[in-house]
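Q: There's a structure below that I have some questions on.
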Amino acid sequence: MQSIFMKNEIAKANVSWLAVMIMLFGLLLLAGHSNELLKQTVIGPGSSVDLGMTADCRADELEEEQLSLEECQLMVSNVRIILSSSPQWYRSYQLTLSSLGVAATLFSLVIAFGLINRQSPALRLAILSTALLLIIDVAGFVAAVNTGPLLRAQYLWSLLLWICIHLCMLVAVIRFGQQGDMDS
Amino acid sequence: MSETRNPAKPESENLPRLVVLLHWLLAASVFFLFISSWWMLSLPLPSEEFTYRELPFQLHKNIGITLFVAVITMTAMRQIAAARGELVSRLVAAFGSGGSYIAVYAADGLLS
């Protein structure tokens with residue numbers, strides 16, 4: 001009898017820990033997707049860098065920002081890298097994917113709250129939300145693979161990391177779900 | 001002897017949902033401010049031609065000010081709650097969260 005009680009307590013603690021992990025990674029991912037949304041909004045085709053304008057590096061600005069002239073010029077190159085390596089479809093694709101990512105992450109945060117509050121359907125919904133996040137990561141990965149090498153270098157590593165994190169979470173959620181089904 | 005707060009219950013069950021939501025919203029905003037500030041500082045310096053920094057900087061300021069007001073309000077509400085009951089434990093919690101918020105602001109200010 002006591003061992004069943006202990007088993008239940010351990011299972012509850014495991015689910016709570018998983019929910020905390022989902023929440024913390026969710027916050028980070030939410031910030032990441034929001035920043036990507038901002039990035040794609042700010043850096044668009046037809047802007048000054050795209051029109052071939054050179055960097056305007058004033059001495060007072062450089063001193064204030066503690067930058068060298070070379071760094072200031074490279075900042076413009078940084079924007080040029082994004083614009084040159086992006087295919088035409090990439091910006092709208094990223095805007096849509098980031099918006100979906102924000103929505104899916106918010107959904108996963110709500111589900112994680114449910115897990116902490118021990119709501120039974122939350123575990124099944126957690127599988128759904130984590131799978132959704134994984135699909136979004138894979139979609140982002142596939143898109144990044146089809147861009148230029150300079151943009152790929154920026155995106156692929158972090159996307160691969162997120163795929164690993166969400167895959168681990170998905171396996172854990174499915175396992176806890178199976179345990180819950182066996183106990184009931 | 002009646003208790004207004006069950007110590008066996010997690011903190012989240014004792015707080016109103018709106019306060020919990022506000023706390024998580026603040027946490028999400030702090031993460032966003034950090035990530036966006038690191039990124040926006042790599043944008044070209046502002047000039048007449050280059051206006052890339054305008055939107056991110058304005059957004060950073062707006063979210064930062066909103067966050068600051070929210071933190072002050074929440075700390076004040078905690079102080080009021082502390083005056084009502086469980087003075088010592090709530091004061092410790094208020095100073096703890098207030099201190100962490102100040103630390104976050106200081107870190108953000110230093111980094112950006």
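The values are calculated or read from the model by the stated rules, or taken from the named source; none is laboratory data. These numbers come from a predicted model, not from an experiment. Neighbour counts are summed over all protein chains in view; Cβ atoms, including those assigned to glycine, are modelled from backbone coordinates with ideal geometry. Side chains are part of the model used for accessible areas, which takes the heavy atoms of the whole protein and leaves out ligands, DNA and RNA. Shrake-Rupley method; radii C 1.70, N 1.55, O 1.52, S 1.80 Å.
Q: Take peptide B:46-54, look around each residue's Cβ out to 10 angstrom, count Cβ atoms belonging to other protein chains, and average those counts.
A: What the average comes to for B:46-54 is 5.
Q: Averaging sequence separations of C-alpha pairs under 8 Å and six or more residues apart, then dividing by the length of chain A, give the relative contact order as a whole percent. List each step's numbers first, then the result.
A: On the way: 146 pairs, mean separation 50.8, N = 184.
With pairs under 8 Å counted, the relative contact order is 28 percent.
Q: Shifting gears a bit: Cβ under 14 Å from A:A112's Cβ, A:A112 left aside: what net charge do those residues give with Lys, Arg +1 and Asp, Glu -1?
A: Every neighbour counted, the sum reads +2.
Q: Kindly rank A:103-111, B:38-46, A:26-34, A:81-89 from highest to lowest mean number of other beta carbons found within 10 Å of each residue.
A: Result, highest mean Cβ count within 10 Å first: A:26-34, A:103-111, B:38-46, A:81-89.
Q: Using Cα atoms only, what is the angle between the long axis of helix A:69-85 and the major principal axis of chain A, expressed in degrees (0 to 90) to the nearest 10?
A: So the helix axis and the longest Cα principal axis differ by about 60 degrees.
Q: Per residue of A:29-42, what is the mean number of Cβ atoms on other protein chains within 10 angstrom of that residue's Cβ?
A: Average neighbour count from other chains, rounded to a whole number: 5.
Q: Spit out the partnerless Cys residues in chain A, using Cβ distances under 4.7 Å as the pairing rule.
A: A:C164, A:C168
Q: Can you give me the angle between helix A:121-145 and the longest principal axis of chain A, using Cα atoms only, in degrees from 0 to 90, rounded to the nearest 10?
A: The angle comes out at about 30 degrees.
Q: I would also like to ask the following. Averaged over its residues, how many other protein chain Cβ atoms are within 10 Å of peptide A:58-64's Cβ atoms?
A: Average per residue, whole number: 1.
Q: Moving on to the next point. Once you sort the root eigenvalues of the Cα gyration tensor of region A:8-98 as a ≥ b ≥ c, which label holds: rounded (a/c under 1.5), prolate (a/b larger than b/c) or oblate (the other case)? Intermediate results must be reported in sequence, preceding the final value.
A: Details: a/c = 4.78, a/b = 2.02, b/c = 2.36.
Here region A:8-98 falls in the oblate category.
Q: Continuing with the same structure: Between A:E71, A:E63, A:E36, which gets the highest mean-square fluctuation from a Gaussian network model of chain A, Cα cutoff 10 Å?
A: Of the options given, A:E63 has the highest mean-square fluctuation.
Q: To the nearest 100 Å², how much accessible surface do chains B and A hide from each other in total, with a 1.4 Å probe?
A: Chains B and A together bury approximately 2600 Å².
Q: In whole Hz and in residue order, list the ³J(HN,Hα) couplings for region A:11-26 that follow from phi through the Karplus curve 6.51 cos²θ - 1.76 cosθ + 1.60, θ = phi - 60°; x for Gly and Pro.
A: 4, 5, 4, 4, 5, 5, 4, 4, 4, 5, 5, 4, 5, 5, 5, x
Q: Which ³J(HN,Hα) values, rounded to whole Hz and listed in residue order, are derived for region A:166-177 from phi using the Karplus coefficients 6.51, -1.76 and 1.60 in 6.51 cos²θ - 1.76 cosθ + 1.60 with θ = phi - 60°, glycine and proline given as x?
A: Once θ is set to phi - 60°, the couplings for region A:166-177 become 6, 5, 4, 4, 5, 4, 4, 5, 4, 4, 5, x Hz.
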